[in-house]
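I have placed the structure first, in the form of structure tokens, so that the comments after it can refer back to it.
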Amino acid sequence: MSASRALYQLQTIDLSIRKHRKRLQAIRAELGEDETVADARQRFESASADLKSWQVRARDIDLEIKRVAEKANTTDEELYAGRITNPKELQDLEQESASLKRRQAQLEENLLEAMMESETRLAEVAELQQILDDAESKWTNEQSDLVDEKKQIEAEISGLQGKREQVVAKLDSDSLTLYDQMSVAKRGRAIAVLQDGSCSVCGVEQNTVIAQQVRQDKATVYCVNCGRILVIV
Ligand SMILES: [Zn+2]
């Protein structure tokens, strides 16, 4: 096999390794982050905190209602027990009783509101909990798929590196230096294939002399346009 064709093999392996490494990089990035889960958890926690504050509010109002009701009862008892006869005192007690009852009615309205808000939020929290659970299990599955894919790619890269060593062993150092330099200049594609008389990378048709030399596969032949090494495969 000519050096050019061996270099083409090398390039094919290198491009494949590069593609696999790129995917590995993407996998590593994906393994490190879970925006969807974090977002779902944030929404769930915020809704839970909101629910809790409404529940606490409802409980506080309920306690306050009990206190007010008790006070209203005591006031009424005193009012109707007949122990107080002073009209001014009786009037004050009546006013206090009425005021306590208004306060109780207001608190009961507030309690109803707090209970309704709690109920709405309870449903919301349940829904967000479901969304979070789904996101987490999807994430876990994806993670294990990614971990599997990562292992597979690592094995493939290792296999390709073995093949690469075999190809490199067949090449002389001048060819390898040429390949390394041209690979950098041509972004990993130093070698092009002569396809139907044209360069497979730049697409320019080669003259008959060039095409003939490539077919003979004896010397290094370059594309007349892009300067890549041409091979027949
Ligand atoms: Zn070309």
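The values are calculated or read from the model by the stated rules, or taken from the named source; none is laboratory data. For clarity, every value in this text was computed on a predicted model and none was experimentally measured. Please note: Cβ atoms are built from the backbone with ideal geometry, for glycine as well, and neighbour counts cover all protein chains shown. Accessible surface areas use protein heavy atoms only, side chains included; no ligands, DNA or RNA. Shrake-Rupley method; radii C 1.70, N 1.55, O 1.52, S 1.80 Å.
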- Message: Here is the link list: LYS22/LYS138; LYS22/LYS218; LYS19/LYS218; LYS186/LYS218; LYS22/LYS163. Which ones come out longer than 28 Å on Cα distance?
- Response: LYS22/LYS218; LYS19/LYS218
- On a 0 to 90 degree scale, rounded to 10, what angle separates helix 87-170 from the longest Cα axis of the chain? 10
- Given H placed 1.01 Å from N in the peptide plane, which residues other than close sequence neighbours of ALA192 have an amide H under 5 Å from its amide H? ILE229, LEU230, VAL231
- Relative contact order in percent for segment 36-103 (Cα pairs under 8 Å, 6+ apart) equals 33
- Query: Could you name the aspartates and glutamates in cross-link range of LYS52, using Cα to Cα under 13 Å and dropping any fewer than eight places away on the same chain?
  - Reply: ASP60, GLU117, GLU119, GLU124
- Item | For q = 0.09, 0.17 Å⁻¹, Debye-computed log10 I/I(0) when each Cα of segment 34-153 counts as one equal scatterer | -0.50, -0.88
- Task: Report, as a whole number in µm² per second, the diffusion coefficient that Stokes-Einstein gives for the chain at 37 °C and 0.692 mPa s using the Kirkwood radius over alpha carbon pairs.
- Result: 127
- Compute the acute angle (0 to 90°) between the alpha-carbon long axis of helix 3-31 and the principal axis of greatest extent of the alpha-carbon atoms of the chain; round to the nearest 10°. 10
- Computed log₁₀ I(q)/I(0) - Debye formula, equal Cα scatterers, no solvent, segment 130-204, q 0.11, 0.13, 0.19 Å⁻¹: -0.58, -0.69, -0.94
- Message: Suppose accessible area is computed on protein heavy atoms with a 1.4 Å probe; arrange TYR222, TYR179, TYR8, TYR80 from highest to lowest.
- Response: TYR80, TYR222, TYR8, TYR179
- Rounded to the nearest 500 deg cm²/dmol, what is the calculated helix-only ellipticity per residue at 222 nm for the chain, with -39500 (n - 2.57) per DSSP H run of length n ≥ 4? -28500 deg cm²/dmol
- Item | Inter-part distance where segment 178-212 and segment 15-70 are each reduced to a Cα centre, Å | 55
- Rounded tilt (10° steps) of 173-185 against the dominant C-alpha axis of the chain: 40
- Query: Under the Karplus relation 6.51 cos²θ - 1.76 cosθ + 1.60, θ = phi - 60°, what is the ordered set of whole-Hz ³J(HN,Hα) values for segment 203-208, x standing for Gly and Pro?
  - Reply: x, 7, 6, 9, 6, 4
- Message: Net charge within 10 Å of SER4 by Cβ-Cβ distance, Lys/Arg positive one each and Asp/Glu negative one each, not counting SER4 itself?
- Response: +1
